[in-house]
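The structure appears below as structure tokens.
The values are calculated or read from the model by the stated rules, or taken from the named source; none is laboratory data. This is a predicted model, so every value here is computed, not measured. Glycine gets a Cβ as well: all are built from the backbone with ideal geometry, and neighbour counts include every protein chain shown. Ligands, DNA and RNA are stripped out before the accessible areas are found, and what is left, the full protein with its side chains, is counted by its heavy atoms. Shrake-Rupley method; radii C 1.70, N 1.55, O 1.52, S 1.80 Å.
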Amino acid sequence: SDYDPIAHINDGIISFDTSPKNGWGNWKYPPIPEVTTLDMTLDTPTTLDSITFYFREDGGIYIPKDTLIQYWDAETQAWVDVTNQSQRDGFVSGEAQTVTFDPVVTTQLRAQFTRGEQDTSGGKKDCMVLTEVEVYANVPDSGSDVAKLASLSVGGEALEDFDPDKIVYTITLP
């Protein structure tokens, strides 16, 4: 949505409250789906072994009850669960939470978030918000195989004005 654009999860700004308001949420898609998917695409096959999430929670926002990491297997043309995922639940708001897994070589990584607590009577805790997501590559000592993000999308919605070469963002706070 315009209010919580997907660009916010890859802009280097980590904000666990609403000042500055910076995060992507799935509230745009009522009814809120049981599973929300975040797909990340790289330019070239890259060895990946971890991802860090920065969740924000308040009266209307939940932390997912389950988070499954998958990678795209080019040979089978299918999404495959990573092996030895270090954490799937128990995430909290307000801190970096890194999930490790056995290294995979892929051009795409996916996080599937299963909806957490939902209060249908008052409409509270009905969406999730990520303020930032970081994906880590297992780069060889030579430094010659650096991962470069080619695109970023959530539920098929591509990040507008995405620039894979942009690594520094500056904001002015009120």
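Computed values, structure above
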{"read-out": "Largest-first ordering by accessible area, 1.4 Å probe, given options Trp72, Trp24", "value": "Trp72, Trp24"}
{"read-out": "In Å², nearest 10: area of Thr83 left accessible to a 1.4 Å probe", "value": "80"}
{"read-out": "Summed residue charge, Cβ within 9 Å of Ser15's Cβ, Lys/Arg positive, Asp/Glu negative", "value": "0"}
{"read-out": "Ranked packing of 6-13, 102-109, 87-94, most packed first, by mean Cβ within 10 Å", "value": "6-13, 102-109, 87-94"}
